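Okay, structure first, notes after.
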Amino acid sequence: MFKDKIAVVTGGANGIGKAIAKQFAALGAKVAVIDIKENGYFVGDIADKAVLERFAAKVIKDFGCVDFLINNAPPAMHGIADCTYEQFENALAVGVTAPFYLAKLFDKHFANGASIINISSSRDRQSQPNTESYTAAKGGISALTHALAVSLAGRVRVNSISPGWIDATGTDYGGADAAQHPAGRVGKPEDIAEMVMFLCSDRAGFITGENICIDGGMTKQMIYHGDHGWTLKTKG
């Protein structure tokens with residue numbers, strides 16, 4: 001169902017984005033990646049408005065339309081203790097402003113049945129200390145999802161995915177790292193890519209404005225001192 005469809009993937013050079021781009025290509029889609037790292041289509045910083053405009057112009061010139069826009073590029077993580085104004089602003093530019101602006105740039109060029117998938121994070125609902133820039137950006141893109149779904153109603157379905165702990169290094173985690181997940185393991189980029197394919201397919205035709213958390217159940221499991229291999233360590 002994806003043969004010759006046009007898929008745009010931000011941050012598609014590694015990790016989750018690379019898995020998404022690879023899966024689209026395997027299913028016959030033509031993939032346009034933008035990343036600050038080397039890739040076969042477009043290298044650039046999506047925090048830069050001019051870069052986004054050049055990228056969108058190239059996609060439209062090369063393909064004429066967009067079937068799937070996957071806003072995956074991750075913002076930097078900084079905390080209140082060390083985050084500068086500029087770093088926080090950049091995180092929001094990458095994580096919220098760029099997804100909005102790409103949707104706007106492609107607005108008149110989305111094909112019939114198009115989908116936007118925003119990659120959020122389970123951090124849109126829980127936090128560790130000193131993660132404010134990343135967490136704020138992920139909360140923003142989750143909210144942007146339902147706003148765009150309403151604005152683009154009838155033309156483009158818009159959904160978001162909130163991954164939990166996803167390891168892209170191939171590390172085999174066991175013990176407490178696995179046990180804190182009701183699914184019994186740490187996630188893989190392919191777990192997210194599979195959901196992207198489903199949400200972009202006709203099988204998900206009645207799903208829009210939704211956020212789906214894929215975290216192996218981690219955000220549902222309460223862990224106290226002594227649970228699942230975790231022990232509270234105090235100073236002194």
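Taking other Cβ within 10 Å of each residue's Cβ, how do Ser115, Ser142 sort, fewest first?
Values: Ser115 24, Ser142 21.
The fewest-first ordering by Cβ neighbours comes to Ser142, Ser115.
Which pairs in the list Lys58/Lys138; Lys30/Lys138; Lys22/Lys58; Lys22/Lys61; Lys18/Lys108; Lys138/Lys220 are over 25 Å apart, alpha-carbon to alpha-carbon?
Working: Lys58/Lys138 27 Å; Lys30/Lys138 27 Å; Lys22/Lys58 21 Å; Lys22/Lys61 23 Å; Lys18/Lys108 27 Å; Lys138/Lys220 19 Å.
Beyond 25 Å between Cα atoms: Lys58/Lys138; Lys30/Lys138; Lys18/Lys108.
Could the peptides 48-54, 177-183 be put in order, highest first, of the mean number of other beta-carbon atoms found within 10 Å of their residues?
177-183, 48-54
Need one number: convex hull volume per residue for the stretch 143-201, Cα atoms only, in Å³.
100
If I histogram all Cα-Cα distances within the chain using bins 10 Å wide from 0, what percent of pairs lands in each bin?
8, 31, 36, 18, 6, 1, 0
Using a 10 Å cut-off around each Cβ, can you sort Met222, Met1, Met197, Met77 from fewest to most neighbouring Cβ atoms?
Fewest-to-most Cβ neighbours within 10 Å comes out as Met222, Met1, Met77, Met197.
Please give the per residue volume of the convex hull enclosing the alpha carbon atoms of the stretch 159-236, rounded to a whole number of Å³.
Details: hull volume 9.3 nm³, N = 78.
Cα-based convex hull of the stretch 159-236, divided per residue, equals 119 Å³.
State to the nearest 20 debye the size of the charge dipole of the chain about its Cα centre, where the only charges are +1 on K and R beta carbons and -1 on D and E beta carbons.
440
Angle, helix 189-200 long axis vs. longest principal axis of the chain, Cα atoms, 0 to 90°, nearest 10?
40
Using only DSSP helix segments of four residues or longer, with each worth -39500 (n - 2.57), what per-residue ellipticity at 222 nm results for the chain after dividing by its residue count and rounding to 500? Can you show the working numbers first?
Values: 7 runs with 81 residues, N = 236.
Result for the chain: -10500 deg cm²/dmol, rounded to the nearest 500.
Which one of Gly44, Ile212, His78 is farthest out on the positive end of the charge dipole of the chain, using unit charges on Cβ (Lys, Arg +1; Asp, Glu -1) and the Cα centre as origin?
Ile212
Calculate log10 I(q)/I(0) of the stretch 49-181 for q = 0.16, 0.19 Å⁻¹, where I(q) comes from the Debye formula with a single equal point scatterer on each Cα and nothing for solvent.
After summing over all Cα pairs, the log10 values are -0.88, -1.08.
Determine the sum of side-chain charges near Ser162: Lys and Arg each +1, Asp and Glu each -1, restricted to other residues whose C-beta is under 14 angstrom from that of Ser162. Mind dumping the intermediate values first?
Values: positive: Arg123, Arg125, Lys138, Lys220; negative: Asp124, Asp191, Glu210, Asp215.
Residues close to Ser162 contribute a combined charge of 0.
With the cut-off at 1.5 for a/c, could you classify the stretch 72-138 from its C-alpha gyration tensor as rounded, prolate or oblate? Write down the numbers at each step before the final one.
Details: a/c = 4.73, a/b = 2.03, b/c = 2.33.
In terms of gyration-tensor shape, oblate.
For each of Lys108, Lys235, count neighbouring Cβ atoms within 10 Å of the residue's Cβ, then give the residues from fewest to most.
Lys235, Lys108
Using the Cα atoms of the stretch 1-86, I'd like the radius of gyration and the largest Cα-Cα distance, Dmax, both in angstrom.
14.3, 48
Rounded to the nearest 10 degrees, what's the angle between the helix 49-63 long axis and the longest principal axis of the chain, both from Cα atoms, 0 to 90?
60
If packing is taken as the average number of other Cβ atoms within 10 Å across a peptide's residues, how do 205-213, 16-24 rank, most packed first? Present the calculation step by step, with values, prior to reporting the outcome.
On the way: 205-213: 15.2, 16-24: 24.4.
Descending packing order for the listed peptides: 16-24, 205-213.
Would you mind getting me the FRET efficiency between Trp165 and Lys61? Use the beta-carbon distance for r and R0 = 41 Å, nearest 0.05.
Using R0 = 41 Å, I get an efficiency of 0.55.
Rounded to whole Å, give me the distance from the Cα center of the stretch 188-236 to that of the stretch 144-172.
When both Cα centres are located, 13 Å separates them.
Around Val51, with a cut-off of 12 angstrom between Cβ atoms, what is the net charge of the other residues, counting Lys and Arg +1 and Asp and Glu -1? Numbers along the way, then the final one.
On the way: positive: Lys49, Arg54, Lys58; negative: Asp35, Asp45, Asp48, Glu53.
Value of the local net charge: -1.
Only the coordinates and a few stated rules stand behind these numbers; no lab work does. Every value quoted in this text rests on a predicted model; they were computed, and no experiment measured them. Neighbour counts are summed over all protein chains in view; Cβ atoms, including those assigned to glycine, are modelled from backbone coordinates with ideal geometry.
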